[in-house]
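Reading through the structure tokens given below for one structure.
The values are calculated or read from the model by the stated rules, or taken from the named source; none is laboratory data. Quantities reported herein were computed from a predicted structural model and do not represent experimental measurements. All Cβ positions, glycine included, derive from the backbone under ideal geometry; neighbour counts span all protein chains shown. Ligands, DNA and RNA are stripped out before the accessible areas are found, and what is left, the full protein with its side chains, is counted by its heavy atoms. Shrake-Rupley method; radii C 1.70, N 1.55, O 1.52, S 1.80 Å.
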Amino acid sequence: MLAKINTAAMVGLDALMIEVEVDISPGLPATFIVGLPDTAVKEARDRVRAAIRNSGCSFPMRRITVNLAPADLKKIGPTYDLPIAIDILVSSGQINIDATDTLFLGELSLDGSVRHLHGILPMVAMARESGIKKVYVPVDDAQEASLIDGLQVYPVVCLSQLVGYFQGETDIQQFTGTVSWQDTCQPDQQTDLSHIKGQEHAKRALEVAAAGGHNVLMVGPPGSGKTMLARALATILPTLTLSEAIEVTKIYSVRGLISKDMPLITQRPFRAPHYTSSHAGLVGGGRIPHPGEISLGHRGVLFLDEFPEFNHMALESLRQPLEDKVVTISRAEGSLTFPANFILVAAMNPCPCGYYGDPVRECKCSSTVITRYQKRISGPLLDRLDIFVDVPRIDYEKLTDSRSAEGSSVVRKRVQAARQIQLQRLHGATTKSNAEMSPAEIKEHCKIDAAAQELLRTAMKQLHFTARAFHRTIKLARTIADLDSSDIIKTNHLAEALQYRQRNINQ
């Protein structure tokens, strides 16, 4: 008898529908799995056999052929255990179900328990788009699956429970829990702007960066507060929308970084990989490509401390995501594209010892060493950064100042107001912030008054801007004007933008 069951497979961050076909025919007892299975899928025959027997059912002692269609797609992982087991039971006549609008997901243990899977959210989202009405998932993944509306989610503890349900002997209640993301989407306030003494110029730069989604490079001696400033940036970003939260959660679900107690990522990510991270760890990769730190920072902040110390190839690979907001990983079997729309905050010392230009401590580095150190960051990469800011040493008076500084919650309100202006201006476009605007959108939305145009013309000649730097300056000025609630870019807005474009390292 032939039986068919629906399941899903992950390809990068996308899920595809897989049809599990089982045919039981006369012959010597054997189980064959076809359809490009990897080792973990081939081993499913042993897990499924033990799980069926330990769940009180009988495993057919005949020739069993399991086909995973489409056959030209490589099948990876233990996702197929539960659907194969159910399909064998249907084909052998032990249960009878109509599974045309049903999806089964789950790994089986030898005693029949159904284990947690990675990537539940994108697979369930695909199921809804494919017209599936019911999904049976591991009990630990039910809350994550319930994030997708319009589906009946049934949590499965073990195979025997599911068999009893289809035989009418037990009951499985539809999961109806919801995640109250509105109550938990407020930023973590462990590092608040009010905790940082001094550095008013850097704080203002971070406010502009948060308001328009601009990338930042901070240069300063050790201990000047660069890391604290970077962490504070995450606290002034607008709160995640539900659609953005689901985007981020899909990435973390595929990487297996989701907690079963809180399956929805509700705070903007802050990723701070060490400079010893490999190229694959930063960008993503592996035999089966997976998202790296760049994609884990999607919709949040990617902080790269000791910027020049990162692997040269890893730094240069930042060019594509900084421009296109995606990262593409190519392998012999094909290419995968992962989202990478983040704010890059890079921090570095002005020289290897860290005290070049410091008014208190003397720099021990020669001019040749300083130049070589700073040139580790290529000109094309620097050209893709929007804001360059000095973070100098903080003196005693500012550190001991008892006056309270402006907190992150106050700044975040201004940032959210500026972002709302941008959303209204760019309504109907895929672009959501000033930093993402194309040259055509810049021409349409960035109106500059006559005095500001003359200032920009002069700056272009004296600072030798490239076309990319020219457009980034205008986008930066547009953000500053939005913070000022101005429809037109004026001289003061452009002057501040030009100030942030002054590179504080030699090239």
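Observations
- Separation of alpha-carbon centers, region 409-469 and region 288-306, rounded to whole Å: 25
- With a Förster radius of 25 Å applied to the C-beta separation of Leu36 and Arg115, the computed FRET efficiency comes to 0.60.
- Region 107-163-region 1-21 distance, computed between alpha-carbon centres (Å): 13
- Positive-pole candidate from Phe270, Gln174, Leu315, dipole of the chain, charges at beta carbon: Leu315
- Pairs with C-alpha atoms separated by more than 22 Å, drawn from the list Lys432/Lys461; Lys203/Lys475; Lys203/Lys398; Lys133/Lys325, are Lys432/Lys461; Lys133/Lys325.
- Considering only Ser130, Pro221, Ser146, and ranking their Cα positions along the charge dipole of region 123-247 that arises from unit charges at the beta-carbon of Lys, Arg, Asp and Glu, the one farthest toward the positive end is Pro221.
- Selected from Pro359, Leu385, Gln420, residue furthest toward positive end of dipole (region 350-486; charges at beta carbon): Leu385
- DSSP-defined antiparallel bridges as percent of all bridges, region 230-351, nearest 5: 55
- Taking every full run of DSSP H in the chain, the ones that stretch at least 24 Å from end to end by Cα along their long axis and average 0.0 or higher on the Kyte-Doolittle scale are 467-483.
- The residues of region 15-72 expose on average 49 square angstrom of accessible surface per residue, using a 1.4 Å probe on protein heavy atoms.
- Placing unit charges on the Cβ atoms only, positive for Lys and Arg and negative for Asp and Glu, gives the chain a dipole magnitude near 1300 debye about its Cα centre.
- In this simple spin-label approximation, Ala495 and Lys4 carry label points 7 Å from Cα along the Cα→Cβ vector, and these lie 7.2 nm apart.
- Of all DSSP beta bridges confined to the chain, the antiparallel ones make up roughly 50%.
- Close amide H pairs (under 5 Å, H built 1.01 Å from N) link Tyr355 with Lys364, residues at least 5 positions away or on another chain.
- Peptides 73-80, 423-430, 32-39 ranked from most to least packed give 73-80, 32-39, 423-430, packing being the mean of other C-beta atoms within 10 angstrom over each peptide's residues.
- Computed FRET value (nearest 0.05) for Asp484 with Glu169, which takes r as the C-beta separation and R₀ as 56 Å: 0.25
- Distances between placed amide hydrogens fall under 5 Å for Val34 paired with Val66, Asn67, Leu68, all partners being 5 or more residues away or on another chain.
- Neighbours of Asp324, meaning other residues whose beta-carbon lies under 12 angstrom from its beta-carbon, give a summed charge of +1 when Lys and Arg score +1 and Asp and Glu score -1.
- Neighbourhood net charge (13 Å Cβ-Cβ; Lys/Arg +1, Asp/Glu -1) for Gln143: -3
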